[in-house]
Amino acid sequence: MTTTTTLSRMQLSQHLKRLESESIGILREVVAEFRNPVMLYSIGKDSGVMLHLALKAFYPSKPPFPLLHVDTTWKFRDMIRHRDEIAARYGVKLLVHTNPEGVARGINPITSGSQLHTQVMKTEALKQALDQWGFDAAFGGARRDEEKSRAKERIFSFRSAGHVWDPRNQRPELWSLYNTKISQGETIRVFPLSNWTELDIWQYTRAENIPVVPLYFAAPRPVVERDGQLIMRDDERLPLRAGESVQMRMVRFRSLGCYPLSAAIESTAATLDDIIAEMLAMRTSERSGRLIDSDEAASMEKKKRDGYF
Amino acid sequence: MTSGAHTEVTVSPAGAGGPEKALLRFLTCGSVDDGKSTLIGRLLYDTQLILEDQLTVLERDSRRHGTTGAELDLALLVDGLQAEREQGITIDVAYRYFSTARRAFIVADTPGHEQYTRNMATGASNCQAAVILIDARKGVLTQTRRHSYICSLLGIKHVVLAVNKIDLVDFSGERFHHIVADYLGFAKALEFSSITPIPLSARYGDNVIRRSGHMRWYEGPTLIEHLESLDVGEGLEEKPFRFPVQWVNRPDLDFRGFSGTVASGRVRPGDRVVVAGSGRESTVARIVTADGDLSEACAGDAVTLTLADEVDVARGDVLAQSDSRPEVVDQFAAQVLWMIEEPMLPGRSYLMRIGTRFVPARVTSLKHKTDVNTLEHIAAKTLQLNEIGFCNLGTASPVAFDAYPENRETGAFVLIDRFTHATAGAGMISFGLRRATNIHRQALLVDKSARTRLNGHRPAILWFTGLSGSGKSTIANIVERELHALGAHTYMLDGDNVRHGLNRDLGFTDVDRVENIRRVGEVAKLFVDAGAIVLCSFISPFRAERRMVRELVDAGEFVEVFVDTPIEECKRRDPKGLYARALEGKIKNFTGIDSPYEAPESAEVVLETRDGPERAARHVLDALREQHIITY
Ligand SMILES: Nc1nc2c(ncn2[C@@H]2O[C@H](COP(=O)(O)OP(=O)(O)OP(=O)(O)O)[C@@H](O)[C@H]2O)c(=O)[nH]1
Ligand SMILES: [Mg+2]
């Protein structure tokens, strides 16, 4: 079903070329219309593709906006290393924000619970950062195929003052005639990868040789088995429950977030080709390893209404 | 075609190998509860795109919100918003991605409720084909017709008439043929190139992906067979080259490129192109991309062009093939779908987005609206939410376009409310009303009334009179700001911009004061002739001079605004320290101190101090409305 030859740039399929062009058009539109845009950089595979597209969109200019990483202080160490490497390699400006109140209150994914942690360290932190720097447009790497409430969202997604999304009252979005007009205090979230699927992301990453965090590739890693999920013990902060032990297993991640909230899968996929082959055979969705998604029914929509990406 | 021939569909996501297939973008539409979401859910389910964890969630959701008893409610796979699941309806469009061995698809599941028509139009605007569902029990309904009409307006050429819930009418061929005949009768006016009727059951999967064993009488394709083989060839690449400039790429002084996406046609280095608006020509020098220069770019490609000559090009301009240019006009006729609660009012100014250009525009006249049931034309003064009308529109400056039926990329526009910034209307241009370039050649034919028609408001002099420090300029500034926001053409004349130039030679003696006002009056008259609303703030202490200006223009074109602030208050404010100096005798002939002020006897507007400048400005605007100088 899959070919294992490495695609060179010239072989980028029509399908991927069309997606690439659409995304580039969206990126340029924001830069042409907004005063102070920012790109949310979450270090994962989607962010990698989005940044790569930005480097292409403005060539020979550099992307005229900074990257913003909202650091919950619970990201995998490999992710932080990758982030700093990428910023240095491409010479893009990287802003990092952590919610100081959350830190002061000692919020963490283990004792505070995933829901409160996400609310304070991700959603609130993001809103703080957007307000602090006065960004009027923010790029996010979300895709419509990820989740059913995301399948409903516009490419230019309007946020009223306070970063609120009103899914019942979205602006119509016809053709590619995006409405970029907002009033003081209002903002727009922009999703250049809206029409990409997970497979598109991996095939494009392979075709374009985009660097990704090593955690996507299988390697022996220290994990504990908890509630049927494999959680990597990235540092000493993850306490072991009674009867639990750390084992070295060949694992990798399909989706990366805070390490105690991202479940690994057992795998031997060590190359992009392996990942793609494995994905085509897989019978679970990429977000099944995201523990925060199953917090409550319709939880992604709720988080998004509160200002989550 | 025998049944069972195509029961197996092998699934392979887009681009997973095999020959490249053209993506098909289609939507499902039709009336409330006809089964649109269920059909998409069925397509996803039967192409095995629903993964185990999603299936677990679906089973749980079906128990909680399902409309199908003990069975899976496939609509819940697409109705992703909480409100949708609770109410069992679709509110906004969902985009889903799936593919078969033969083709990749993007499908937009749109809502059937009339209230959410704009979301249906959102979904339809980028589609090449439409699956219009009909509940076999109910037949063709108003929403079926409305959606069909919108699909046709949006330029969708290929329609599948999915007669759904056929299981509920005993798989009756008679019923099917009856509905199809009924629909074809209505749809013949809509100019679709193909209408393919298919009897199916979204809920049980008959004729969706699996050929039904219940309808031996039906020999046509299943839905998926038809969609896989549908040839929609739009041929945008074969149309004339159009390139709306999105962003000027200027990394340093040596490089000036124009970034954008080719809307139609193709372009190569060496091609002659024209900046549609200005008519300036040049030659394409390079097609720049991050992956190296290209020898050709075609419709859909995002590239950066450089030109051989230094021509003036900015965002919003359209580069076009020199020997096949778009029309450039400031008045045209278009179909408009209205999408906000507040009705569309002819005369009101909206912001139009066409291509990469934003330009103020107004509907100059509403020719008629269309009854979606009968397609009859009905006379109308306004367009309400979800209504469709045929309008003449005028733009503040000429725009380049092709008629929408010729080119979907360059013939579409949206209208944006200037206050709320809501996306208020979607338009498809039918034809230009006159060439903007002709206006210049026929200059003599353009008179005040022609300009007034174009501007959408009447010209006037707003004459603010009152003591020094009374607040004339402050209020006039607010009025001008508001008028500007309403899209009116304005200009401000006051001591600051007149005394330093035109009237530099005049002092403050009575004779000079009279001459000052006379000159200002003459200039204001020219602005009125140009169609503008000109705001003049001058102390203008003498009744006679004010009357003189009044008489320079037509009746109703002079609005005297008396800013009636008592002298005590003005002295107290004394913003420029002038009263203090006048009282010390350092300024001679100062109005109110050693020179008289004759208060107006019949000013159109009298403003009192306690109003405050914002309220005072509102009074002025109200007066302008009363006098029909502005109508919005
Ligand atoms: N018996 C039968 N029921 C069906 C069929 N298709 C849909 N239904 C049922 O009809 C009801 C409405 O289906 P939906 O898919 O939500 O309808 P819709 O057209 O998407 O509705 P809106 O989006 O709200 O306009 C549900 O209870 C479905 O299970 C069918 O082929 N046969
Ligand atoms: Mg529905």
With respect to B:Phe358, determine if the residue is within 13 Å of another protein chain (Cβ to nearest Cβ) and not in a loop (DSSP other than H, G, I, E, B). yes
Determine, yes or no, whether B:His158 is more than 36 Å from the chain's Cα centre (by Cα), away from ligand 1 (no atom under 16 Å from the Cβ) and more than 14 Å from chain A (Cβ to nearest Cβ). no
If we keep just the residues of segment B:80-93 that are within 12 Å of another protein chain (Cβ to nearest Cβ) and near ligand 1 (Cβ under 9 Å from one of its atoms), which is farthest from A:Trp175 (Cα to Cα)? B:Gln87
Test: A:Ala277 is outside any loop (DSSP other than H, G, I, E, B), buried (at least 19 other Cβ atoms within 10 Å of the Cβ) and in contact (Cβ under 8 Å) with a residue 24 or more places away in the chain: no
Of B:Asp271, B:Asp293, which residue is within 14 Å of chain A (Cβ to nearest Cβ) and of a type outside the set (Ser, Thr, Tyr)? B:Asp293
Under 7 Å between Cβ atoms, which residue pairs at least 6 apart in sequence (or on different chains) link something in segment B:61-72 that is among the acidic types (Asp, Glu) with a partner that is crowded, with 19+ Cβ neighbours inside 10 Å? B:Asp61/B:Leu76; B:Asp61/B:Arg85
How many residues, within segment B:36-52, are more than 16 Å from ligand 1 (Cβ to nearest atom) and among the acidic types (Asp, Glu)? 1
Only one of (1) at pLDDT 95 or above; (2) in a loop (DSSP other than H, G, I, E, B) does not apply to A:Arg254, and that is (1)
Of B:Gly300, B:Gly347, the only residue that is closer than 18 Å to B:Ile416 by Cβ and touching a residue at least 12 places away in the same chain (Cβ under 8 Å) is B:Gly347
B:Ala299 passes all but one of the listed conditions (1) aliphatic (A, V, I, L, M); (2) away from chain A (no Cβ under 13 Å); (3) within 24 Å of the chain's Cα centre (by Cα); the exception is number (2)
Scan segment A:185-197 and tell me whether some residue there is part of a helix (DSSP H, G or I), farther than 30 Å from B:Ala424 by Cβ, more than 8 Å from chain B (Cβ to nearest Cβ) and touching a residue at least 40 places away in the same chain (Cβ under 8 Å). no
Filter result for the condition that a residue is surrounded by fewer than 20 Cβ atoms within 10 Å (Cβ to Cβ), at positive phi and not aliphatic (A, V, I, L, M), over B:Gly235, B:Gly265: B:Gly235
The condition from (1) more than 30 Å from B:Thr410 (Cα to Cα); (2) more than 10 Å from chain B (Cβ to nearest Cβ); (3) of a type in the set (D, E, K, R) that A:Glu147 misses is numbered (2)
Just to confirm my filter: which helices (runs of 4 or more DSSP H) fall fully inside segment A:68-150 and include at least 1 residues that are modelled with pLDDT of 95 or more? A:77-90, A:100-104, A:125-133
Could you give me the residue pairs with C-beta distances under 8 Å whose first residue belongs to segment A:202-221 and is part of a strand (DSSP E or B), whose second residue is not hydrophobic (A, V, I, L, M, F, W, C) wherever it lies, and which are 6+ apart or on separate chains? A:Ala219/A:Arg252; A:Pro220/A:Arg249; A:Arg221/A:Arg249
The residue that is surrounded by the most Cβ atoms within 10 Å (Cβ to Cβ), considering only those in segment A:15-52 that are farther than 18 Å from B:Asn126 by Cα and free of Cβ contacts under 8 Å to residues at least 60 places away in the same chain, is A:Tyr41
I'd like to verify a number: residues in segment B:184-238 that are more than 16 Å from ligand 1 (Cβ to nearest atom) and more than 14 Å from chain A (Cβ to nearest Cβ), how many? 29
Looking only at residues that are out of contact with any strand residue (DSSP E or B) (no Cβ under 6 Å at 6 or more places or on another chain) and closer than 23 Å to B:Phe413 by Cα in segment B:105-120, which one is farthest from ligand 1 (Cβ to nearest atom)? B:Arg118
Tell me, yes or no, whether segment B:106-121 has at least one residue that is closer than 24 Å to B:Tyr404 by Cα, more than 7 Å from chain A (Cβ to nearest Cβ), more than 11 Å from ligand 2 (Cβ to nearest atom) and β-branched (Val, Ile, Thr). yes
Are any of the residues in segment B:231-244 at pLDDT 95 or above and either more than 20 Å from B:Glu409 (Cα to Cα) or within 16 Å of ligand 2 (Cβ to nearest atom) (or both)? no
In segment A:74-128, which residues are among the aromatic types (Phe, Trp, Tyr) and closer than 22 Å to A:Pro37 by Cβ? A:Tyr90
Consider only pairs whose beta carbons are under 7 Å apart and that are at least six residues apart or on different chains; among these, list those whose first residue lies in segment B:600-624 and is touching a residue at least 60 places away in the same chain (Cβ under 8 Å) and whose second residue is assigned to a helix (DSSP H, G or I) and of a type in the set (S, T, N, Q). B:Pro613/B:Thr474
Yes/no for B:Arg102 being away from ligand 1 (no atom under 13 Å from the Cβ) and out of contact with any helix residue (DSSP H, G or I) (no Cβ under 9 Å at 6 or more places or on another chain): no
Selection over segment A:175-184 where residues are facing chain B (nearest Cβ under 7 Å) and either closer than 22 Å to B:Ala104 by Cα or touching a residue at least 12 places away in the same chain (Cβ under 8 Å) (or both) yields a count of 3
How many residues does segment A:99-144 hold that are buried (at least 19 other Cβ atoms within 10 Å of the Cβ) and either within 14 Å of chain B (Cβ to nearest Cβ) or not basic (Lys, Arg) (or both)? 27
Within segment B:136-154, does at least one residue satisfy the condition of being among the charged types (D, E, K, R), within 16 Å of ligand 2 (Cβ to nearest atom) and within 11 Å of chain A (Cβ to nearest Cβ)? no
Filter segment A:151-168 for residues that are outside any loop (DSSP other than H, G, I, E, B) and facing chain B (nearest Cβ under 9 Å); which is farthest from B:Ala94 (Cα to Cα)? A:Phe158
Take segment B:58-79 and flag every residue that is facing chain A (nearest Cβ under 9 Å), more than 12 Å from ligand 1 (Cβ to nearest atom) and surrounded by 19 or more Cβ atoms within 10 Å (Cβ to Cβ). B:Asp61
Being surrounded by fewer than 24 Cβ atoms within 10 Å (Cβ to Cβ) and not basic (Lys, Arg) is the filter; apply it to segment A:53-64 and report the residue that is farthest from the other protein chains (Cβ to nearest Cβ). A:Pro63
Within the group B:Ser259, B:Ser282, B:Ser324, which residue is among the polar types (S, T, N, Q) and assigned to a loop (DSSP other than H, G, I, E, B)? B:Ser324
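The values are calculated or read from the model by the stated rules, or taken from the named source; none is laboratory data. All values reported here derive from a predicted model rather than from experimental measurement. FYI the Cβ positions are ideal-geometry reconstructions off the backbone, even for glycines, and counts take in every protein chain you see.
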